[in-house]
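Novice: Pasting a structure here, questions to come.
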Amino acid sequence: MTQPSLNFTFDTSLVDLERRDINPTSSFTSDVTQASGDTIPYVYAQVATEGSEEEASLANEKKTPTMASSAFDRPIDRESTSSESSRPTRYVSTAEAYAAWASVYDTDGNILQAVDDLELASMLPEFLSAVEQLSGMLKIIDFGCGTGRNTVKLASQLSSQLDVEIIGIDLSPEMLSLAGSKLSRLSLPPSIRWKLFAHDFLDTKSSDEINALSSSADAIISTLVLEHFPAPLYFQSLASLINVGGYALVTNMHSEMGAKSQAGFVHIDENGKEVKIRGKSYVVTPAETVEVAKKEGFEVMGTVKERAVTQEMVDSLGVRAGKWVGVKVWYGLVLKRVR
């Protein structure tokens with residue numbers, strides 16, 4: 001397999017803030033039950049030409065269980081940050097948080113997602129340009145694909161001349177339901193195929209599907225996922241999926257933002273009150289990211305790109321971006337597995 005050279009010229013200004021693990025303050029258990037045991041293997045597969053897109057979308061949605069309404073009927077902890085001190089916060093498992101977040105994930109005006117979209121507009125095509133130089137049938141994994149926000153971009157931007165299998169993996173069946181619906185509506189050439197399945201890499205249990213993917217991917221994209229992992233486990237997981245010589249595009253919440261906030265959303269509880277829902281998050285600096293990635297057999301291609309919110313960006317990102325002006329909220333890098 002021919003390996004192209006990557007000449008990424010990302011700007012960098014690495015910072016070394018103190019690392020902070022944000023642990024849940026209560027021991028919640030998820031009310032989500034999966035349809036077929038611990039893993040849902042290839043729950044959503046690319047739909048054949050027969051049948052309408054609407055039928056395909058409905059078929060995918062019916063395969064995903066919903067979260068019980070009682071999942072948030074539990075004690076509340078008050079958030080300590082002054083900016084939201086008046087709003088109660090519930091800390092739940094990451095799986096539980098994203099199960100409930102799924103229905104509004106793409107529409108709740110998340111600033112970090114918006115910045116990620118802006119940066120990937122140039123970063124993803126450059127990454128794919130290099131990946132497409134690899135010979136033979138390509139296997140590309142979207143690690144932590146969520147609602148398919150970037151899986152759709154990936155499938156849409158690949159050359160129709162390529163033979164590609166895209167595999168989306170996420171811990172949340174609820175998020176995968178939305179990803180399956182989006183992908184089912186795409187008009188893709190037969191040479192570009194996709195599959196989605198549920199797996200939680202934070203769980204030590206393996207599965208036949210994950211074992212089958214061992215060191216088989218040519219490329220991985222993983223956007224805004226790292227913060228939910230201890231960094232060593234995250235890069236061990238990537239390394240277990242990608243072959244030597246393969247490439248990974250990784251983006252994450254910046255530690256400057258993570259020192260003040262973490263992934264979450266506002267949920268309206270059974271009493272009509274606003275509650276902030278947060279899963280478990282880890283703050284990791286760009287420098288730490290590079291260090292851990294190298295220990296797990298990756299090297300950085302080019303440099304690390306970081307992005308702070310500017311006053312000019314507030315108009316396009318919305319008023320919620322105002323409090324982040326001058327703060328680095330995002331970083332991204334491209335890696336190659338070298339051993």
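Novice: From VAL300, VAL244, which residue is farther than 23 Å from LEU112 by Cβ, at pLDDT 95 or above, out of contact with any Pro (no Cβ under 8 Å at 6 or more places or on another chain) and not small (Gly, Ala, Ser)?
Specialist: Among VAL300, VAL244, only VAL244 is farther than 23 Å from LEU112 by Cβ, at pLDDT 95 or above, out of contact with any Pro (no Cβ under 8 Å at 6 or more places or on another chain) and not small (Gly, Ala, Ser).
Novice: Now for a separate question. Please pick out the residue among LYS336, LYS328, LYS273 that is in contact (Cβ under 8 Å) with a residue 40 or more places away in the chain, touching a His at 6+ places or on another chain (Cβ under 7 Å) and of a type in the set (Lys, Arg).
Specialist: LYS328
Novice: Could you count how many residues in the stretch 189-217 are more than 18 Å from the chain's Cα centre (by Cα) and at negative phi?
Specialist: Here the count works out to 16.
Novice: Which condition does VAL131 not pass, out of (1) in contact with a Pro (Cβ under 9 Å, 6 or more places away or on another chain); (2) surrounded by fewer than 20 Cβ atoms within 10 Å (Cβ to Cβ), if it passes all the others?
Specialist: Tallying (1) in contact with a Pro (Cβ under 9 Å, 6 or more places away or on another chain); (2) surrounded by fewer than 20 Cβ atoms within 10 Å (Cβ to Cβ), VAL131 fails exactly one: (2).
Novice: May I ask you to say which residue of THR289, THR204, THR310 is over 25 Å from SER129 (Cα atoms) and either at pLDDT 95 or above or touching a Cys at 6+ places or on another chain (Cβ under 6 Å) (or both)?
Specialist: Only one candidate passes the filter, namely THR310.
Novice: Between GLU165, GLU174, which is closer than 20 Å to SER191 by Cα, more than 13 Å from the chain's Cα centre (by Cα) and acidic (Asp, Glu)?
Specialist: GLU165
Here is a yes/no grid of residues against (1) more than 13 Å from ILE221 (Cβ to Cβ); (2) buried (at least 24 other Cβ atoms within 10 Å of the Cβ); (3) among the aromatic types (Phe, Trp, Tyr):
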residue	(1), (2), (3)
SER122	yes, no, no
PRO125	no, no, no
CYS145	no, yes, no
LYS153	no, no, no
GLN161	yes, no, no
SER172	yes, yes, no
LEU176	yes, yes, no
SER181	yes, no, no
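Novice: For the stretch 113-133, name all the residues that are under 26 Å from TRP101 (Cα atoms), over 14 Å from the mean Cα position of the chain (by Cα) and among the acidic types (Asp, Glu).
Specialist: GLU119
Novice: Quick one: count up the residues across the stretch 172-188 that are in a loop (DSSP other than H, G, I, E, B), touching a residue at least 24 places away in the same chain (Cβ under 8 Å) and either of a type outside the set (D, E, K, R) or under 16 Å from GLU96 (Cα atoms) (or both).
Specialist: Counting residues in the stretch 172-188 that are in a loop (DSSP other than H, G, I, E, B), touching a residue at least 24 places away in the same chain (Cβ under 8 Å) and either of a type outside the set (D, E, K, R) or under 16 Å from GLU96 (Cα atoms) (or both) gives 3.
Novice: Of all residues in the stretch 113-162, how many are acidic (Asp, Glu) and out of contact with any strand residue (DSSP E or B) (no Cβ under 7 Å at 6 or more places or on another chain)? Before the answer, list the steps.
Specialist: Applying the first criterion (acidic (Asp, Glu)) to the stretch 113-162 yields 116-117, 119, 126, 132, 142.
Add one more test, that the residue is out of contact with any strand residue (DSSP E or B) (no Cβ under 7 Å at 6 or more places or on another chain), and what stays is 117, 126, 132.
Of the residues in the stretch 113-162, 3 are acidic (Asp, Glu) and out of contact with any strand residue (DSSP E or B) (no Cβ under 7 Å at 6 or more places or on another chain).
Novice: Suppose we filter the stretch 189-237 for residues that are out of contact with any Phe, Trp or Tyr (no Cβ under 8 Å at 6 or more places or on another chain) and either more than 22 Å from GLU296 (Cα to Cα) or outside any helix (DSSP H, G or I) (or both); how many remain?
Specialist: Summing the residues that are out of contact with any Phe, Trp or Tyr (no Cβ under 8 Å at 6 or more places or on another chain) and either more than 22 Å from GLU296 (Cα to Cα) or outside any helix (DSSP H, G or I) (or both) in the stretch 189-237 gives 22.
Novice: Of a type outside the set (Asp, Glu), free of Cβ contacts under 8 Å to residues at least 12 places away in the same chain and touching a Gly at 6+ places or on another chain (Cβ under 6 Å), is that true of VAL319?
Specialist: no
Novice: Would you mind finding the one in VAL266, VAL304, VAL292, VAL314 that is β-branched (Val, Ile, Thr) and surrounded by fewer than 17 Cβ atoms within 10 Å (Cβ to Cβ)?
Specialist: Working: VAL304 fails: surrounded by fewer than 17 Cβ atoms within 10 Å (Cβ to Cβ); VAL292 fails: surrounded by fewer than 17 Cβ atoms within 10 Å (Cβ to Cβ); VAL314 fails: surrounded by fewer than 17 Cβ atoms within 10 Å (Cβ to Cβ).
None of the other options fit; the residue is VAL266.
Novice: Out of VAL244, VAL266, VAL225, report the one residue that is more than 16 Å from the chain's Cα centre (by Cα) and under 19 Å from VAL92 (Cα atoms). Step through it out loud before you land on a result.
Specialist: On the way: VAL244 fails: under 19 Å from VAL92 (Cα atoms); VAL225 fails: more than 16 Å from the chain's Cα centre (by Cα).
Criteria check complete, one pass: VAL266.
Novice: Moving on to the next point. List every residue pair whose Cβ atoms lie under 9 Å apart, where the two residues are 6 or more positions apart in sequence or sit on different chains, the first residue falls within the stretch 153-166 and is farther than 13 Å from ILE140 by Cα, and the second residue, located anywhere, is modelled with pLDDT under 95.
Specialist: As it stands, the answer is SER159/GLU132; GLN161/GLU132, since those pairs meet every condition given.
The values are calculated or read from the model by the stated rules, or taken from the named source; none is laboratory data. Treat the numbers as computed from the prediction; the structure is a model and nothing was measured. We place every Cβ from the backbone using ideal geometry, glycine too, and count neighbours over all the protein chains shown.
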